[in-house]
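Asker: Just dropping this structure here.
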Amino acid sequence: MRENPAWRGTLAVVLAFALMAAAGCSGGGRDFTVPKTVCGTPVEPSSLSPLLPPEGKKLTEDGHALPTTDTGCTVDVDGYSAVTFGKSSTNQRFDPVRVLEGVRQEHVQPMRHLPVQGSGAIADSAAMVTVECEVDKKQYLVLRFEFGDNDTHYPSEVEERRRAIRRFVENVARNAVQEKRCSR
């Protein structure tokens, strides 16, 4: 005769319930699709994804007008402002490092080896690129980015976030220049 202690039966029931519960609920994660455009500019979802919260139900893009911006929008996840993007054409050449330092961004550094002809700067939660781009009698295309909401940023580790910001900014800059069909 085999012995079947009571705890084995209890363990089997507990494991069965745990497996059913795990299968029945997602336990977090993203209930939204990472977009293929931001402010009408094509983006590679894999470049945007690391800058978004790892969990969330709803992603929205809210277009808005800024005083010196042709196009602007904010990508929100459940009310969290993940990415703010502004795109404008101007005759004024901006130095991205000076601009970001002027708005008190932390650890501003120039972005070298951009995939477009221009200059850029990156900070812990912002970036800016100025591209020589003659469109509609304007000489420059200016791209401005802010990432995160006050003290919450993704990825949370600063160097990892800066790498993700650079990858996203390079992707958007390349696509924005193609989109504007810059004559130089």
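Asker: Specify the residue that is modelled with the highest pLDDT; the eligible residues are those in region 112-137 that are aliphatic (A, V, I, L, M) and open to solvent by 10 Å² or more (accessible area, probe 1.4 Å). Quick ask: steps written out before the conclusion?
Answerer: So in region 112-137, the residues aliphatic (A, V, I, L, M) come out as 114, 116, 121-123, 126-129, 131, 135.
So of that shortlist, the ones also open to solvent by 10 Å² or more (accessible area, probe 1.4 Å) come out as 114, 116, 122, 135.
Working: Leu114: 93, Val116: 91, Ile122: 96, Val135: 72.
Among residues in region 112-137 that are aliphatic (A, V, I, L, M) and open to solvent by 10 Å² or more (accessible area, probe 1.4 Å), the one modelled with the highest pLDDT is Ile122.
Asker: Scan region 140-166 residue by residue and report those that are surrounded by fewer than 19 Cβ atoms within 10 Å (Cβ to Cβ), more than 17 Å from Pro96 (Cα to Cα) and among the basic types (Lys, Arg).
Answerer: Of everything in region 140-166, just one residue is surrounded by fewer than 19 Cβ atoms within 10 Å (Cβ to Cβ), more than 17 Å from Pro96 (Cα to Cα) and among the basic types (Lys, Arg), namely Arg163.
Asker: Determine whether Pro155 is without any contact (Cβ under 8 Å) to a residue 60 or more places away in the chain, in a loop (DSSP other than H, G, I, E, B) and out of contact with any strand residue (DSSP E or B) (no Cβ under 8 Å at 6 or more places or on another chain).
Answerer: Here the answer is no, as Pro155 does not meet what is asked.
Asker: Can you pull out every residue in region 85-101 that is assigned to a helix (DSSP H, G or I) and in contact with a Ser or Thr (Cβ under 7 Å, 6 or more places away or on another chain)?
Answerer: Hit for region 85-101 is Pro96, nothing else.
Asker: Hey, another quick one. Looking for something among the acidic types (Asp, Glu) and within 21 Å of Leu51 (Cβ to Cβ) - is there at least one such residue anywhere in region 76-96? Steps first, please.
Answerer: First, the residues of region 76-96 that are among the acidic types (Asp, Glu): 76, 78, 95.
Applying the additional criterion that residues be within 21 Å of Leu51 (Cβ to Cβ) yields 76, 78.
Yes: one or more hits.
Asker: Sticking with this structure for a sec: Can you name every residue in region 158-184 that is of a type in the set (A, V, I, L, M, F, W, C) and assigned to a helix (DSSP H, G or I)? Talk me through it step by step, then tell me what you get.
Answerer: So in region 158-184, the residues of a type in the set (A, V, I, L, M, F, W, C) come out as 158, 164-165, 168-169, 172-173, 176-177, 182.
Val158, Ala164, Ile165, Phe168, Val169, Val172, Ala173, Ala176, Val177 - these are the residues of region 158-184 that are of a type in the set (A, V, I, L, M, F, W, C) and assigned to a helix (DSSP H, G or I).
Asker: Check off (1) free of Cβ contacts under 8 Å to residues at least 60 places away in the same chain; (2) closer than 22 Å to Leu48 by Cβ; (3) touching a strand residue (DSSP E or B) at 6+ places or on another chain (Cβ under 9 Å) for Val116 and give me the number that stays unchecked.
Answerer: (1)
Asker: Which one of these does Val83 not meet: (1) under 16 Å from Thr37 (Cβ atoms); (2) open to solvent by 20 Å² or more (accessible area, probe 1.4 Å); (3) in contact (Cβ under 8 Å) with a residue 40 or more places away in the chain?
Answerer: Tallying (1) under 16 Å from Thr37 (Cβ atoms); (2) open to solvent by 20 Å² or more (accessible area, probe 1.4 Å); (3) in contact (Cβ under 8 Å) with a residue 40 or more places away in the chain, Val83 fails exactly one: (2).
The values are calculated or read from the model by the stated rules, or taken from the named source; none is laboratory data. What you see is a predicted model, and the numbers here were worked out from it, not measured in a lab. Positions of Cβ are backbone-derived with ideal geometry, glycine not excepted, and every protein chain shown enters the neighbour counts. For the accessible areas, the whole protein counts, side chains as well, though only heavy atoms, and no ligand, DNA or RNA atoms are used. Shrake-Rupley method; radii C 1.70, N 1.55, O 1.52, S 1.80 Å.
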